[in-house]
Structure formats: structure tokens, C-alpha cells
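Here the structure is laid out as C-alpha cells; the discussion comes afterwards.
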Amino acid sequence: MDAAVLDSLDPLIEALRERGYAVVGPTVRDGVIRFAELDSAAGLPAGWTDEQAPGAYRLHKDERQDPPQDGALVFGFAASPDSVKRFTHPPRSTLFHMRDGVPEAAPVEAPKVALLGVRACDLAGLAVQDRVFLGGRHPDEAYRARREALFLIAVNCAVPGGTCFCASMSTGPRATSGFDLALTELTGPHRFLAESGSERGATLLEVLPCRPTTEADHEAARQVSETAERRMGRHVDLDSVKERLTERRESPVWNDIASRCLTCANCTMVCPTCFCVTIEDGTDLADGSATRTERWDSCFTLEFTELGGAPVRSSGAARYRQWLTHKFSTWVDQFGSYGCVGCGRCVTWCPAGIDITEELERLR
């Protein structure tokens with residue numbers, strides 16, 4: 001693994017744009033950190049931080065960096081509602097058109113995108129989705145095309161959120177694989193320790209204006225990750241959790257959760273590993289053509305398991321049990337790993353403030 005020190009991210013962004021990538025990174029929009037295309041490092045949220053709790057998200061300027069000074073933390077916030085999933089498994093995509101009874105496959109949209117600021121938990125989520133979409137007997141070629149078009153620039157977390165528990169899931173806060181480049185933001189002086197994780201990442205790093213690393217740089221990077229792990233907002237005890245969930249299938253806890261759950265599907269929309277979809281058919285009355293579209297769905301919607309005009313899981317308790325049990329039990333049977341990466345998004349963006357870590361502990 002090659003490593004170097006960058007004093008600025010502008011050369012990195014410029015080099016990627018010159019190679020035909022649309023550089024997408026975190027920006028401030030509507031009071032939230034969202035992914036958007038960047039022209040320069042000026043679009044990054046320097047000096048911004050967030051507070052996350054069950055059912056609560058607040059973004060604000062760090063009082064110590066307002067206005068942002070030279071050297072203000074660029075990535076001083078936790079996971080945003082956006083994850084890599086949106087770029088590999090888009091919310092809506094066209095499968096094919098039908099004209100005069102003849103199907104025409106829709107072209108796959110797989111633009112070259114460089115994602116800047118990907119967290120370790122999201123890389124773990126991407127690895128889970130790779131097993132789902134590429135590991136079976138019938139790989140999804142559209143997913144493969146979008147996946148191969150991505151250049152992934154990870155950022156090792158320095159500021160975990162109040163709902164993060166990636167350390168419990170062994171998915172963070174430091175990225176160890178799945179990236180082209182990984183950045184650790186360091187202070188005193190402000191700089192970025194850049195490490196390559198692929199051949200194309202190493203090739204790019206060679207052309208950037210950078211300095212050799214020192215042992216002090218690497219030690220500072222280790223301290224960043226160790227501090228973030230100690231400050232993790234939540235914890236999950238995975239000991240026997242798979243078996244416990246199976247044993248407690250009829251626990252009254254499910255009904256208690258259902259009394260608070262709105263079955264709104266927010267948790268599955270922001271989850272970096274959820275992959276449920278539904279199919280919609282539409283007709284254009286002007287020319288008589290038809291289109292089949294795939295869009296995100298959720299195991300929390302009544303229609304998702306509808307058979308013969310009635311849902312298989314009609315109660316909120318049954319749907320929440322399906323979701324949680326799949327993440328921490330049956331997913332292991334299917335894919336050999338947990339379906340949760342500890343990003344905490346489902347806790348933050350649940351309007352009822354249901355905390356998955358607390359519910360797992362109750363079910364234990």
C-alpha cells in the first residue's frame with residue numbers, strides 16, 4: 001500500500017475530473033450533508049459538524065471553526081443519509097421498453113463517478129451488496145457496470161455520530177479494504193494522509209503533488225481511528241445474537257416495538273445494505289409503448305409480500321421482526337455475514353426514534 005501526505009484536496013479533484021470522472025462528495029444542502037457533484041474542494045463542508053440521536057439530526061457550524069479557518073476539519077461529521085447504494089443500486093431504473101410487442105432492453109446508465117468521502121461502514125455495506133448482486137448464479141450486470149465505474153475515496157472517521165456502532169460490527173471506523181484511495185484527516189498542521197488500496201489508486205497518487213509520509217503521520221492517523229472507536233455512540237453485543245433472535249420469534253417485545261413503529265420504511269431507504277425492489281409497468285398512450293421500471297421497495301410496506309390480494313406479513317410486528325431478524329440472523333445463513341454495518345442511519349432517521357441497539361439488547 002502506497003502512502004503520501006496531501007496538503008489540499010483540489011489537485012485530487014482536478015486529476016479525477018481530467019480522467020473523466022464526475023467527482024461527487026459531501027456538501028451542505030437543506031440542513032443536511034448530502035452527496036453532490038464537486039468542482040473543487042471549496043464545495044466540501046469544512047467547519048461543519050452534526051449531532052445525531054434516535055430520531056434526531058442537527059447540522060451546525062463548529063463554534064471553534066465559525067467561520068471556517070484555514071485547517072478547519074473538512075470531514076468533521078458522521079455518516080450522512082446518503083450512502084454508496086444510491087450509485088450502484090439506484091432508487092429507480094428502467095429495465096426495458098416494449099414497442100409493437102417487441103421488448104427493447106434499456107441502456108444501462110453507468111457514468112464514471114469518483115465518490116469522495118466514503119466511510120468504512122459504507123464500504124462494508126458495498127461489500128454486502130456485491131455478494132447479493134454479483135455472488136449468485138445470476139449476477140446483475142447493470143449493477144456490475146455501475147460498480148466498476150466507481151472510483152472510491154474513503155475517509156477514515158474522526159468524529160463518530162451518536163448513533164454509530166460500526167466498531168461493534170467490525171466495519172469501522174477505519175477503512176481496511178474496498179477503496180481506491182483512503183484519506184485520514186490530520187491536524188497540527190492540517191493535512192491528509194492518503195493511502196492507496198488499488199492499482200488505479202496508486203497510479204493516481206503518483207501524479208499528485210504530495211510529500212512522503214513520516215512515522216509521526218502514521219501514528220497521528222492511528223490515533224484518529226482509536227479515538228473515534230472509543231467515542232462510538234452505540235454498542236451491540238453480537239454474542240449469540242443470531243440464535244437469540246430465532247428463539248425469541250414469539251417475544252412480546254415485537255408487539256411493543258410495533259406499537260411505536262410507523263412502518264414508514266425510512267430505515268430501509270437509508271440503510272446501505274437493504275436491496276428490496278418492486279417492479280412497475282407503465283404505458284405511454286401517445287405511442288402505445290410500455291416501460292418496465294424497477295424501484296426501491298421495503299419489507300415494511302404491506303404490498304411487498306402481497307399474495308392473492310393479501311399481505312403475508314400484515315402486522316407491523318411481523319414486518320419489523322422480518323427486517324431485524326434478516327439483518328442479524330437469516331442474512332448470515334444467506335450471505336455469510338451480518339446484514340448490518342453499524343452506520344446508525346436507521347436509528348437517526350427513524351421518526352419514532354426506535355433504537356436498533358436497544359431493541360437487540362431487549363431481545364437478548
**Prompt:** Pick from segment 53-68 the residues that are part of a strand (DSSP E or B) and over 13 Å from Arg345 (Cα atoms): which of them is modelled with the lowest pLDDT?
**Reply:** Lys61
**Request:** Could you check Asp7 against (1) in contact with a helix residue (DSSP H, G or I) (Cβ under 9 Å, 6 or more places away or on another chain); (2) within 30 Å of Thr213 (Cα to Cα) and say which number it fails?
**Result:** (1)
**Request:** Grab the helices (runs of 4 or more DSSP H) fully contained in segment 230-341, keeping just those with 3 or more residues being in the same structural domain as Ser80 (by TED's automatic domain parsing), under 19 Å from Gly125 (Cα atoms) and modelled with pLDDT of 95 or more.
**Result:** none
**Request:** Hey, can you tell me all the residues within segment 237-279 that are touching a strand residue (DSSP E or B) at 6+ places or on another chain (Cβ under 7 Å) and surrounded by fewer than 13 Cβ atoms within 10 Å (Cβ to Cβ)?
**Result:** Ile279
**Message:** Restricting to segment 342-364, count the residues that are in a helix (DSSP H, G or I), surrounded by fewer than 23 Cβ atoms within 10 Å (Cβ to Cβ) and of a type in the set (Val, Ile, Thr).
**Reply:** 1
**Prompt:** Among the listed residues Ala220, Ala175, Ala216, which satisfies the condition of being surrounded by 16 or more Cβ atoms within 10 Å (Cβ to Cβ), over 22 Å from the mean Cα position of the chain (by Cα) and among the hydrophobic types (A, V, I, L, M, F, W, C)?
**Reply:** Ala220
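Here is a yes/no grid of residues against (1) of a type in the set (A, V, I, L, M, F, W, C); (2) more than 28 Å from Val270 (Cβ to Cβ); (3) buried (at least 22 other Cβ atoms within 10 Å of the Cβ):
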{"residue": "Glu18", "(1), (2), (3)": "no, yes, no"}
{"residue": "Pro26", "(1), (2), (3)": "no, no, yes"}
{"residue": "Asp30", "(1), (2), (3)": "no, no, no"}
{"residue": "Tyr57", "(1), (2), (3)": "no, no, no"}
{"residue": "Leu73", "(1), (2), (3)": "yes, no, no"}
{"residue": "Gly76", "(1), (2), (3)": "no, no, no"}
{"residue": "Phe87", "(1), (2), (3)": "yes, no, no"}
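The values are calculated or read from the model by the stated rules, or taken from the named source; none is laboratory data. Predicted model, so just to flag it, every value in this text is computed and none were measured. Positions of Cβ are backbone-derived with ideal geometry, glycine not excepted, and every protein chain shown enters the neighbour counts.
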